[in-house]
Amino acid sequence: MEGKIETVTAVSEVSIEKKHKIPVVEMTGIYKIFKQKKIEVMAVRGIDLKIYPGELVVIMGPSGSGKTTLLNCLCGIEKPNAGSVKIKGLEITKLRDEGIQKLLQDEIGIIFQSFNLIPSLTASGNVELPMIVADKIDKKSRKERVKSLLQAVSLDHRMNHRPSTMSGGEKQRLSIAMAFANDPALVIADEPTASVDSVSAENILTVFKEFMQSNPDKALLIVTHDPAVRKIADYTLVIRDGQFVRRIDGKSDDAEIEYESNGSDMLTDMSLSRSNDATNKLIQPKNFPKLNEVKLCPHCHSTNIVKKIDKNDVYCAIHDFKIVQKAAIFCKECNELSFVAVTAHDLNKVKINEMESLD
Ligand SMILES: Nc1ncnc2c1ncn2[C@@H]1O[C@H](COP(=O)(O)OP(=O)(O)OP(=O)(O)O)[C@@H](O)[C@H]1O
């Protein structure tokens, strides 16, 4: 159906073998709304996600689609407005700061795009540090583990070198070794190949594959814009406007991902040549107005605006399950492009039966 975005749940196909395992990640009905003055941004809307031990899952989506917010909810850094997040069966949405800190220390390893290495420490010092903080194993075992982790990422010859002397690919491999240091149940990688060249990116994917093969009880979640990463995934979830809209099973790289086209037609129609992060940000008032009621730029409140509705982007929002639609508002005063949710009442093209099938 034209205009319909089907939401996808990542919990549908569970093998009998998996049913007997506790999921490493179990997110149910997650909503996250940010409030800025009178404006609400619904960054995540009703996400369900289960990841079992041994699974390598990739999440892809355009800028502003809610990837970081979802990860933050998953790690306890952000509290969702609604829904449950369990890590290895433990509900984490009610944990206090110390509980979250312990969770991040013991059960979740994070690989940041920006590496997050300590410049004054050598490679082995960086890998050892999380183990010193966790204080679970003695010094001798720690040193042995540092060695084997650095071997696993092919950096054993660089163990006494500082990050400043390393290439981007080496730094990223070092941050992978750090993330696995405390033997976490879940490793999350945020854009792990974004800051490295294509050869290093291939090496990083190989390291992930090998880690998963030698640690079948772990789960790995990678958030990326890089389609190459899908090659190593058990399945890929495409996120758009805070919802999973597509699930691609398997590791083949021939299935197309079309999320990049999100919003671009409107930009072209409005004769805008520039592209910035705002293109995918949806500004969502509490009560959805009709398009003709939108009179001001959401950024500078100027009335000098151009409005355009995207007929291909009708979707269902959670507020009373109203059918809403995205409208692009371009402000000639501040040059900002915003997306505003408006009621689909203006839309003669949406037939009643289609609207009903949306929720
Ligand atoms: N702290 C915040 N306050 C207000 N709005 C926020 C906040 N954090 C995120 N948002 C909004 O929530 C939406 C989702 O943002 P998020 O950072 O999760 O997207 P993303 O997919 O990770 O984007 P990118 O790929 O650019 O990092 C965006 O519209 C963003 O502007």
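Inspection of the range 154-164 identifies no residue that is assigned to a helix (DSSP H, G or I) and touching a strand residue (DSSP E or B) at 6+ places or on another chain (Cβ under 8 Å).
Working carefully through the options 238, 229, find the one that is of a type outside the set (Phe, Trp, Tyr), crowded, with 19+ Cβ neighbours inside 10 Å and in a strand (DSSP E or B). When all the criteria are applied, what remains is 238. Test of understanding: among 186, 174, 155, 150, which residue is modelled with pLDDT of 90 or more, under 25 Å from residue 64 (Cβ atoms) and out of contact with any His (no Cβ under 6 Å at 6 or more places or on another chain)? Being modelled with pLDDT of 90 or more, under 25 Å from residue 64 (Cβ atoms) and out of contact with any His (no Cβ under 6 Å at 6 or more places or on another chain) holds for just one of 186, 174, 155, 150, which is 186. Of all residues in the range 152-164, those satisfying the criterion of being more than 29 Å from the chain's Cα centre (by Cα) and over 10 Å from residue 122 (Cβ atoms) are 156, 157. Only helices (runs of 4 or more DSSP H) whose full extent lies in the range 12-114 are considered here, and the ones with at least 1 residues that are in contact with a strand residue (DSSP E or B) (Cβ under 9 Å, 6 or more places away or on another chain) and within 16 Å of the ligand (Cβ to nearest atom) are 67-75. Restricting the range 227-245 to residues that are of a type in the set (D, E, K, R) and touching a residue at least 60 places away in the same chain (Cβ under 8 Å), the residue that is farthest from the ligand (Cβ to nearest atom) is 234.
Number of residues in the range 207-224 that are away from the ligand (no atom under 16 Å from the Cβ), buried (at least 20 other Cβ atoms within 10 Å of the Cβ) and in contact (Cβ under 8 Å) with a residue 60 or more places away in the chain: the value is 4. Yes or no: the range 70-90 includes at least one residue that is among the hydroxyl-bearing types (Ser, Thr, Tyr) and surrounded by 14 or more Cβ atoms within 10 Å (Cβ to Cβ). Yes, some residue in the range 70-90 is among the hydroxyl-bearing types (Ser, Thr, Tyr) and surrounded by 14 or more Cβ atoms within 10 Å (Cβ to Cβ).
Screening the candidates 63, 124 for the property of being hydroxyl-bearing (Ser, Thr, Tyr), at pLDDT 90 or above and either under 29 Å from residue 196 (Cα atoms) or crowded, with 16+ Cβ neighbours inside 10 Å (or both) yields one hit, 124. Scanning the range 317-334 for residues that are at pLDDT below 80 and in a loop (DSSP other than H, G, I, E, B) yields a count of 3.
Comparison of 234, 249, 254 shows that the only residue that is out of contact with any Lys or Arg (no Cβ under 6 Å at 6 or more places or on another chain), over 19 Å from residue 110 (Cα atoms) and modelled with pLDDT of 90 or more is 234.
Annotation note: Cβ proximity below 6 Å between a residue of the range 107-130 that is under 24 Å from residue 68 (Cβ atoms) and a residue that is β-branched (Val, Ile, Thr) and surrounded by 17 or more Cβ atoms within 10 Å (Cβ to Cβ) (sequence gap 6+ or interchain) occurs for 107/87; 109/187; 110/188; 111/176.
The values are calculated or read from the model by the stated rules, or taken from the named source; none is laboratory data. Since the structure is predicted, the reported quantities are computational estimates derived from the model, not experimental observations. So basically every Cβ, Gly included, is an ideal-geometry build from the backbone, and we count neighbours across all protein chains shown.
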